[in-house]
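K.L.:
This structure is in structure tokens; I'll ask about it shortly.
The values are calculated or read from the model by the stated rules, or taken from the named source; none is laboratory data. Not measured: the values here are computed from a predicted model. For neighbour counting, all protein chains shown are included, and Cβ atoms are generated from backbone atoms with ideal geometry for every residue, glycine included.
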Amino acid sequence: MSLAELEAAFCATTYRVTVPEASFALRIGVPTPAFDAFLLRLAAQWPASDDEPGETTGMCWGIVTAYNPAVLLSEDINRLAQERLLKRIKALGWYFLPSSNLADGDVWPVEPSYLVLRADEQRMRVLASEFGQLAVVCGRTGSVPKLLWL
């Protein structure tokens, strides 16, 4: 698949974050004010972070998966990689929420992922690289989600 086709596939995907009070459908390049408001409410409940002082006015985040890193893998291999990713996120002490990646037209199965909070673009690049990913979705409250190639 060419780089242009890969980018089109990433952009033709909904990155869904579901919490008890709401479900958010994030798309690359599309603002989601309700998601921003949710993140700001969440951030207001947390202690200040050395990495993000004053984060009640903004929060960076990323969505990462361990599924299908540059190649299609079996469900068992993907599931084990996703379990390793979860352990890594927990070991780093990061806040996270489960999420999922849904391709338009169901061109591939739903991929479980994690919304990692308080993680800047560089940290998300490193984490996604550890799991062989080609790109990662990142954002910050007040801006649109973007695709970062690794």
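K.L.:
Show the residue pairs that are 6+ apart or on different chains and have beta-carbon atoms under 7 Å apart, the first residue being within the range 85-105 and farther than 21 Å from Asn68 by Cα, the second being among the charged types (D, E, K, R).
P.N.:
Trp94/Arg118; Tyr95/Arg118
K.L.:
Here's a follow-up. Which count do you get for residues in the range 20-29 that are part of a strand (DSSP E or B) and surrounded by 13 or more Cβ atoms within 10 Å (Cβ to Cβ)?
P.N.:
Within the range 20-29, residues that are part of a strand (DSSP E or B) and surrounded by 13 or more Cβ atoms within 10 Å (Cβ to Cβ) number 3.
K.L.:
I want to confirm something. Restricting to the range 79-95 and keeping residues that are assigned to a loop (DSSP other than H, G, I, E, B) and not aromatic (Phe, Trp, Tyr), which single residue is farthest from Phe35 (Cα to Cα)?
P.N.:
Among them, the one singled out is Leu92.
K.L.:
Considering every residue within the range 96-109, establish whether at least one is in a helix (DSSP H, G or I) and on the phi > 0 side of the Ramachandran plot.
P.N.:
yes
K.L.:
Moving on. Taking the range 110-144 as the search range and keeping residues that are in a strand (DSSP E or B) and small (Gly, Ala, Ser), which one is nearest to Val64 (Cα to Cα)?
P.N.:
So, considering only residues that are in a strand (DSSP E or B) and small (Gly, Ala, Ser), the one nearest to Val64 (Cα to Cα) is Ser113.
K.L.:
Within the range 1-19, take every residue that is among the small types (Gly, Ala, Ser) and either surrounded by 13 or more Cβ atoms within 10 Å (Cβ to Cβ) or outside any loop (DSSP other than H, G, I, E, B) (or both) and give me the one that is farthest from the chain's Cα centre (by Cα).
P.N.:
Looking at residues that are among the small types (Gly, Ala, Ser) and either surrounded by 13 or more Cβ atoms within 10 Å (Cβ to Cβ) or outside any loop (DSSP other than H, G, I, E, B) (or both), I get Ala4.
K.L.:
Anything in the range 38-85 that is among the polar types (S, T, N, Q), at pLDDT 80 or above and more than 18 Å from Glu121 (Cα to Cα)? List them, or say none.
P.N.:
Gln45, Asn68, Ser74, Asn78, Gln82
K.L.:
Keeping to the range 110-125, report how many residues are aliphatic (A, V, I, L, M), farther than 15 Å from Gly93 by Cβ and free of Cβ contacts under 8 Å to residues at least 60 places away in the same chain.
P.N.:
Adding up the residues that qualify gives 1.
K.L.:
Okay, next question. Which residues, taken from the range 9-47, are more than 21 Å from Tyr67 (Cα to Cα), of a type outside the set (Phe, Trp, Tyr) and touching a Ser or Thr at 6+ places or on another chain (Cβ under 9 Å)?
P.N.:
Once the filter is applied, which keeps residues that are more than 21 Å from Tyr67 (Cα to Cα), of a type outside the set (Phe, Trp, Tyr) and touching a Ser or Thr at 6+ places or on another chain (Cβ under 9 Å), the range 9-47 yields Pro31, Asp36, Ala37, Leu39, Leu40, Ala43, Ala44.
K.L.:
Further question: Only one residue in Ala34, Ala70, Ala43 is outside any helix (DSSP H, G or I), of a type in the set (Gly, Ala, Ser) and either free of Cβ contacts under 8 Å to residues at least 60 places away in the same chain or out of contact with any Pro (no Cβ under 7 Å at 6 or more places or on another chain) (or both), so which one is that?
P.N.:
Ala70
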